[in-house]
Amino acid sequence: MSVQDVPRRNRPVTTESSSLRRASAEIDLDALRHNVRALRARIAPRVQLMAVVKADGYGHGAVRCAQAALTAGASWLGTATPHEALALRAAGLTDVPVLCWLWAPGDPWDRGIEAGLDMSVSDMWALEEVCAAARATGKTARIHLKADTGLGRNGCQPADWRRLVGEALEAQGDGLVKVTGLWSHLACADVPGHPLNAAQVDVFRSMTEQAEKAGVEPEVRHIANSSATLTLPEAHFDLVRTGVALYGLSPSPEIGTSAQLDLRPAMSLRASMALVKRLPAGHGVSYGRHHVTEDETTIGLIPLGYADGIPRHASGRGPVLVGDDVRQVAGPVAMDQFMVDLGGDEPEPGTQAVLFGQGSRGEPTAQDWAQAADTIVYEIVTRIGTRVPRVYVDGGDERLMP
Ligand SMILES: *Cc1c(COP(=O)(O)O)cnc(C)c1O
């Protein structure tokens, strides 16, 4: 069948979102609040929920997501770096405990103390720096001692734990620090039933008991991420740290789909089709002539590229909903744009293309993109770049940020 035989479907320019423009990431705060409640339903009422909003809220916007999560039942916020945590305070989130866990030598412990942050300490160098900052500010630092129970990343090895706990208690006696938390992180929680999960929980229990016998009275003990919150109740302790699930994404296909877990993906990534044109058979599409048209066809230009976080590894594979049909990336993803093969259809320029969303209206999901790019869903959403405006949908009210 030649292109001429394909009925031309004159689809109207979709103006569903007036703020679509070139492209936008719509963030549904109702969905995020729903996810907080769905996660809360899986933990005992006494267990607190930390909304992890590192990496700008996994690309969704840290401040807006933190605010929404707090209204729905989160009572802690978590970030990786101190700068991320300080930015939450600067944005007015002052009445909520904020834990930040990724410190490097020379980081602003003094500002963390002044801002009342909870700060993670894994090693003697960090304890020394936080104590020096406490002396300089004349205030007590809130610290969480982190145990390496098997992850082999950040955290204190069991062999060094006694010393770290002892020195922290000494500093606590001097009024420099208060050990407010004992915590750890799981290596294989995304694989339910992995023997390391139970083993890490056991090690964590014995390391916290050891610290408590030595005199630590933590406000919270915590080890669970989203995966463990969803699948490992014995890991809930006093607090769960949920990131990816908060945004409605399943931590891994092995745990289930978002729908199976009663989670609603909060981010929808859309773009306005910038050009639609016919190409003859045998014509290359985008750089490198890796993709050559077999027959005469139509192609559409999506004005998003790897600089916007569209993975180049999804070249030739990433799915895009155009009208009622899911099309695929044709040829390599370039820095600012990529093409889709429209198989002869000629949607009007300006037609909305949906890269991913909730998946309930035939659109692909972020997980589909993760699969197309041989990666995890975390990488898809966290990489959506600053050139893509976030549009917040909050109970029907739509606002463009920034
Ligand atoms: C990112 C992170 C989390 C959240 O993980 P999810 O799998 O997104 O729930 C929890 N704890 C730590 C230490 C983290 O770095």
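Listed by Cβ neighbour count within 10 Å, with the fewest neighbours leading, Leu99, Leu29 appear as Leu29, Leu99.
Kirkwood Rh, the range 28-162, all Cα pairs: how many Å?
Values: mean 1/r = 0.0634 Å⁻¹.
With all distinct Cα pairs of the range 28-162 included, I get 15.8 Å.
For the pair Arg289 and Thr375, a Förster radius of 41 Å applied to the C-beta separation gives a FRET efficiency near 0.95, rounded to the nearest 0.05.
Between His194, His185, His222, the residue with the greatest mean-square fluctuation in the GNM of the chain (Cα pairs under 10 Å linked by springs) is His194.
Computed extension length for Ala90-Glu348: 88.4 nm, one decimal, from 0.36 nm per residue of separation with the Cα-Cα distance subtracted.
How many angstrom lie between the C-alpha centres of the range 197-257 and the range 79-140? Answer, in whole Å: 22. With θ taken as phi - 60° and the Karplus curve 6.51 cos²θ - 1.76 cosθ + 1.60 applied, the whole-hertz 3J(HN,Hα) list for the range 348-362 is 5, x, x, 4, 6, 10, 10, 6, 7, x, 6, x, 8, 10, x Hz, x standing for glycine and proline. Couplings 3J(HN,Hα) of the range 102-115, computed from phi: 10, 10, 10, x, x, 5, x, 4, 4, 5, x, 5, 4, 7 Hz, in residue order, whole Hz [Karplus 6.51 cos²θ - 1.76 cosθ + 1.60, θ = phi - 60°; x for Gly and Pro]. In this structure, Asp174 and Gln210 have a Cβ-Cβ separation that, at R0 = 25 Å, corresponds to a calculated FRET efficiency of about 0.70.
In percent, rounded to a whole number, the relative contact order of the chain is 19, using alpha-carbon pairs under 8 Å and six or more apart.
Roughly what % of DSSP beta bridges within the chain run antiparallel, to the nearest 5?
Details: 32 of 63 bridges.
If I count the DSSP bridges inside the chain, around 50 percent turn out antiparallel.
Multiplying the sequence separation of Ser75 and Met124 by 0.36 nm and subtracting their Cα-Cα distance, what value in nm do you get? Walk me through the numbers before you get to the answer.
Details: separation 49, 0.36 × 49 = 17.64 nm, distance 2.93 nm.
14.7 nm is the gain from fully extending Ser75 to Met124.
Protection proxy ranking of 131-141, 336-346, by the mean of other Cβ atoms within 10 Å over each peptide's residues and highest first, is 336-346, 131-141.
With 22 Å as the limit on Cα-Cα distance, the pairs of Lys54/Lys213; Lys54/Lys139; Lys139/Lys178 that go past it are Lys54/Lys213; Lys54/Lys139. Computed from the alpha carbon atoms alone, the convex hull of the chain holds 142 Å³ per residue. Length gained on full extension, Thr137 to Arg21: 36.9 nm, using 0.36 nm per residue less the C-alpha separation. Amide hydrogen proximity for Gly243: with H placed 1.01 Å from N in the peptide plane, the residues at 5 or more positions away or on another chain lying under 5 Å are Val52, Ser226. Looking only at Ala115, Ala373, Ala214, which one moves most when the chain is put into a Gaussian network model with springs between Cα atoms under 10 Å? Judging by the Gaussian network model, the answer is Ala214. Taking a virtual spin label 7 Å from the Cα of Glu219 along the C-beta vector, which residues in the range 148-188 bring their backbone nitrogen under 19 Å of it? Answer for the range 148-188: 168-169, 171-184.
Using the beta-carbon distance between Asp325 and Ala198 and R0 = 56 Å, what value does 1/(1 + (r/R0)^6) give for FRET efficiency, to the nearest 0.05? Mind showing how you got there, number by number?
Details: r = 46 Å, r/R0 = 0.82.
Efficiency, from the Cβ-Cβ distance: 0.75.
Starting with the fewest neighbours, write out Ile223, Ile299 ranked by other beta-carbon atoms found within 10 Å of each beta-carbon. Before the final figure, lay out the partial values.
Values: Ile223 29, Ile299 22.
Fewest-to-most Cβ neighbours within 10 Å comes out as Ile299, Ile223.
Which ordering of Asp295, Asp123 is given by a fewest-first count of other beta-carbon atoms within 10 Å?
Details: Asp295 13, Asp123 17.
Lowest count first: Asp295, Asp123.
For the chain, the 222 nm mean residue ellipticity estimated from helices alone, with every DSSP H stretch of n ≥ 4 adding -39500 (n - 2.57) and the total spread over all residues, rounds to -8000 deg cm²/dmol.
If you bin all the Cα-Cα distances of the range 267-400 at 10 Å, starting from zero, the percentages per bin are 13, 44, 33, 8, 1.
Values quoted throughout were computed directly from the atomic coordinates according to the rules given, and no laboratory measurement underlies them. Since this is a predicted model, take the numbers as computed values, not measurements. Every residue, glycine as well, gets a Cβ built from its backbone with ideal geometry; the counts of neighbours run over all protein chains shown.
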